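Just so it is clear, none of the values below were taken in a lab; they were calculated from the coordinates. A quick note: this is a predicted structure, and the numbers were derived from the prediction, not measured. All Cβ positions, glycine included, derive from the backbone under ideal geometry; neighbour counts span all protein chains shown.
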Amino acid sequence: MTVKVLLATTVRWPSAGRLAGAFAAAGCRVAALLPAEHPAAHSRYFEHIHAYRPLADVASLLRATEQSHPDLVVALDDRATGLLLRAQTRAPEHIASLIVRSLGRPENYAQLMSRSGFIEAAREADIRTPLTRAVTGEADLEDALNAIGFPAVLKADGTWGGDGVAVVRDRDEALQAWRKFANPPSILRSAVRAIRRSDVHFVRAALDATPPAISLQQFIPGEPVTTSFACWQGKLLAANHFQTLAAQQANGPASVLQRIDDSDMQEFAARLAARFELSGLHGLDYMRDAQGRVHLIEINPRSPQTSYLSFGAGHDLVSVLVSRVDGTGHAPRARVAGDVVALFPQEWLRDPTSPYLTSAFHDVPWDDPALIRAWMESRAAQPALEKWRAFMAANPRGARLAAQP
């Protein structure tokens, strides 16, 4: 049996092409649901690309599943997970069953995707978490601040990548952040953002005008650490844990990571997979305090950017997941060199002169040259394009790629 995988994303994150290569290396046939102008559309590892249309998102997903007949659907961003959950309630039985098979029990996701609800469930599972309170109004905000104190972190549900998160140090900052999160931007402002970022979702969010759920969380000083894990029907299959060495921005996603071993993080991932009866690929974010203890701050209910990395037997999330889908054993893929990983193109965009680009494993997709070229032509690459060309010219593999037609 050759497993067929459909990767679904609503954003132009670079990890889509890398995850496609990981599933292909595990013997899968891979298709994708991608928004327009996604660099990964040029990846050699996709057998077919299906168009994601933001204003007809459920129809886009249903069409992609009907045409590709996948055995597994993997969401690459939070919005894509929400799309799968909405589609599951409207889809024909065979597609609804596929989504349940891919994600786990859909009825558990309402609490999972609520930042305050998820923390409450984690505390019930005896997992160390910061104090977190749902905030439904300015009076609630005042009560929550009295209970939690300063500094604190205000968070809006349905956001990611550092958006919708504000560290507040006094009541004025808290009130300002609350009003910003609780009041969706105007349609005009959203239209401008949609044009600038080539993303219709901003207009759709303004038209919906439903304010997000907001929570206040205790601020835990320390270092960010993360987990990527694979699970199946509530059982943890494998996990990789990482310490963040560099990030693109404050509260933003990591650009350099170091794999670590941590028994608490391993146990917490197992408890959460069981508590929510999860399947697929997911991520967890923590803060490690000065005493070395990890505090769980949120879940990423989709494939995290590191899930395609293989660190050998017991640490290859993709291979163990495919083994569960087809019921046969798959040898782990080749291990990446070392435990420090500079993510492409995130670390390049953060600092084109970063020493990690040469001292760490820099995961440039050299085996997928069309993906590299597509990224170089994308809007995100333009500010650092000349330095990137210089890097390519100085790298033997890059020079060979540049010489190809």
Note: the stretch 112-184, point scatterers on Cα, Debye, no solvent; log10 I/I(0) at q = 0.26 Å⁻¹ equals -1.36
For 13, 178, ascending order of other Cβ atoms within 10 Å (fewest first) is 13, 178
Long-range amide H partners of residue 33, meaning residues 5 or more apart or on another chain whose placed amide H is closer than 5 Å, are 7, 8, 9, 50
Relative to the compact-globule estimate 2.2 N^0.38 Å (N residues), the Cα gyration radius of the stretch 58-154 stands at a ratio of 1.43
Here D for the stretch 278-335, in µm²/s, from Stokes-Einstein with a Kirkwood Rh over Cα pairs at 25 °C and 0.890 mPa s, works out to 188
Compactness check, the stretch 1-115: C-alpha Rg relative to the 2.2 N^0.38 Å globular estimate gives 0.99
Percent antiparallel among DSSP beta bridges confined to the chain, nearest 5, equals 75
Sequence order, the stretch 282-290: Karplus ³J(HN,Hα) from phi using 6.51 cos²θ - 1.76 cosθ + 1.60, θ = phi - 60°, Hz rounded, Gly and Pro as x, gives 9, x, 10, 10, 10, 10, 9, 7, 5
Simple SL model, points at 7 angstrom along Cα→Cβ for residue 258 and residue 167; separation in nm is 2.1
Against the 2.2 N^0.38 Å rule of thumb, the C-alpha Rg of the stretch 264-405 sits at a ratio of 1.27
Scalar couplings 3J(HN,Hα) for the stretch 49-55 by Karplus 6.51 cos²θ - 1.76 cosθ + 1.60 (θ = phi - 60°), nearest whole Hz, x for Gly and Pro, are 10, 10, 7, 8, 10, x, 8
